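The values are calculated or read from the model by the stated rules, or taken from the named source; none is laboratory data. A quick note: this is a predicted structure, and the numbers were derived from the prediction, not measured. Heads up, the Cβs are rebuilt from the backbone with ideal geometry, glycines too, and the neighbour counts pull from every protein chain shown.
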Amino acid sequence: MIKLIKIIFFIVLNCSLLSLQALSAAEKIKIGLLVPMTGENKEIGKSIIRAVSLAVKDINNSNIEIFPKDTGSKPNQTLKSAFELSQMGIKVVIGPVFHESTTYLDEMKNITFLSLTNKTLELPKNVISAGINSTSQISTIKKFLETNEVKKTIFLTPIKNYEFEIKKGIKNSKIKIYKYYDYNTEPTKLTEQIEEITNYKTRKQNLKNEIKRIKKSNELNKEAKIKKLEKKYTLGKVNFDAVIIADFDESLKSVTTSLLYTDVLPQDKFFITLNQWFNESLLNQTDIQPLYFPSINKNNFDEYKIKYFNAFSEDPSHLSLLSYDLVGLVYYLSLNTNLKNLDKIFKKKNSFKGKIGIFDIKDNKINHRLNFYKIEDQKLIEIF
């Protein structure tokens, strides 16, 4: 069945605003905003506030009012600010940014929070994760694997604070995994684990044994065969066709480097990772290319970055893009329902389109329909 996609007006490629403005109610649309305005994450908060102001400007409706409050990235401060918003009669809040800041928000039962976190475990019932969660990413990877008829996929997850989020994403997406491994990010232990996963020592010994056997044999052209074998590092195949690495930045590079060390190459096996927000440093890592990953729509992201830079003369954080879309989502919903009933809206099955792309809402969860990309020959290529 083809679902009707409800379009957030200011995000779609056309710029027609008049029809939606005509529907706008006379009463004020009050939206709370919980972001770090002090502390080490205040620059993220500033970027989000600017993105929200940009969204309000694009909507061009004087009935929208935004009320920013500081979280300081601390649960107690977040609760205090949320209470202040509640006293102002606000029913919907964009934020907080970080998962730990949501800890006490179940005490504010009269407010629906659209948090920018991508973590979905242990959230209060009135907090909806709007980030690019593991289910969205792994579901997109699943689509790629099925399209390419990949039979055996192994999944590598670091022992970090998002380990169980990944496992939930695997379960929710129903992706077929041949084997799953948790790994230690400490370099020596990581290398040892990758050696074991790829059966490296056995494959290396196979090569030595084969060279030794040929040297003792009476085979024709044995010198040429030996010379050819001596150019190899191992002999024998690994028992998988694709590897998904749930890691980022230098830790991701450490895993891929270990795979290369064990003679597992991206030209022979699919190297797949999670959303990297188009990390440009990966373009220069030619030894691990092609590298595949799910992400938001790149063209939309670039358009947004230009719009933001033209307005503020600096680059935005990727979290600010989420907040930009959420302002549009709340505004759209306000045209069709009372914001006091927003919690009921998020329990129903709905789909919307934003700068990030299409995202689906059901059972107080937001999942994103992502694009899929590969980096090859220092170029970013869209797969779908």
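Values computed for the structure shown
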item	result
All positions within segment 167-202 that are crowded, with 17+ Cβ neighbours inside 10 Å, under 17 Å from VAL255 (Cα atoms) and under 22 Å from the mean Cα position of the chain (by Cα)	TYR183
Filter result for LEU121 (assigned to a helix (DSSP H, G or I), closer than 30 Å to ILE175 by Cα and out of contact with any Pro (no Cβ under 8 Å at 6 or more places or on another chain))	no
Residue among GLU40, GLU27, GLU65 that alone is part of a loop (DSSP other than H, G, I, E, B), within 23 Å of ASN336 (Cα to Cα) and either touching a Leu at 6+ places or on another chain (Cβ under 8 Å) or touching a residue at least 12 places away in the same chain (Cβ under 8 Å) (or both)	GLU27
The one condition in (1) in the same structural domain as LYS151 (by TED's automatic domain parsing); (2) among the charged types (D, E, K, R); (3) part of a loop (DSSP other than H, G, I, E, B); (4) without any contact (Cβ under 8 Å) to a residue 24 or more places away in the chain that GLU250 fails to fulfil	(3)
Unique match (being in contact with a Leu (Cβ under 8 Å, 6 or more places away or on another chain), of a type outside the set (Phe, Trp, Tyr) and in a helix (DSSP H, G or I)) among LEU326, LEU380	LEU326
Residue within segment 207-216 that is in contact with a Leu (Cβ under 6 Å, 6 or more places away or on another chain), more than 20 Å from SER254 (Cβ to Cβ) and charged (D, E, K, R) present	yes
Some residue of segment 299-311 being modelled with pLDDT under 90, in the same structural domain as MET108 (by TED's automatic domain parsing), surrounded by 15 or more Cβ atoms within 10 Å (Cβ to Cβ) and not in a strand (DSSP E or B)	no
Enumeration of residues in segment 91-109 that are in a loop (DSSP other than H, G, I, E, B), at pLDDT 95 or above and closer than 12 Å to LEU33 by Cα	GLY95, PRO96, VAL97
LYS227 being loosely packed, with under 14 Cβ neighbours inside 10 Å and assigned to a helix (DSSP H, G or I)	yes
Residue in segment 345-356 that is over 16 Å from the mean Cα position of the chain (by Cα), in contact (Cβ under 8 Å) with a residue 24 or more places away in the chain and closer than 30 Å to VAL255 by Cβ present	no
Some residue of segment 98-115 being under 21 Å from PHE359 (Cβ atoms), among the small types (Gly, Ala, Ser) and either assigned by TED's automatic domain parsing to the domain that holds ILE272 or surrounded by 15 or more Cβ atoms within 10 Å (Cβ to Cβ) (or both)	yes
Residues of segment 68-89 satisfying the condition of being buried (at least 20 other Cβ atoms within 10 Å of the Cβ) and part of a loop (DSSP other than H, G, I, E, B)	THR71, GLY72, SER73
Among (1) surrounded by fewer than 21 Cβ atoms within 10 Å (Cβ to Cβ); (2) without any contact (Cβ under 8 Å) to a residue 60 or more places away in the chain, the one test that LYS340 misses	(2)
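Yes/no matrix, rows are residues, columns are (1) of a type outside the set (S, T, N, Q); (2) within 16 Å of LYS374 (Cβ to Cβ):
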position: ILE244; (1), (2): yes, yes
position: LEU252; (1), (2): yes, yes
position: LEU259; (1), (2): yes, no
position: LEU265; (1), (2): yes, yes
position: ASN297; (1), (2): no, yes
position: PHE309; (1), (2): yes, no
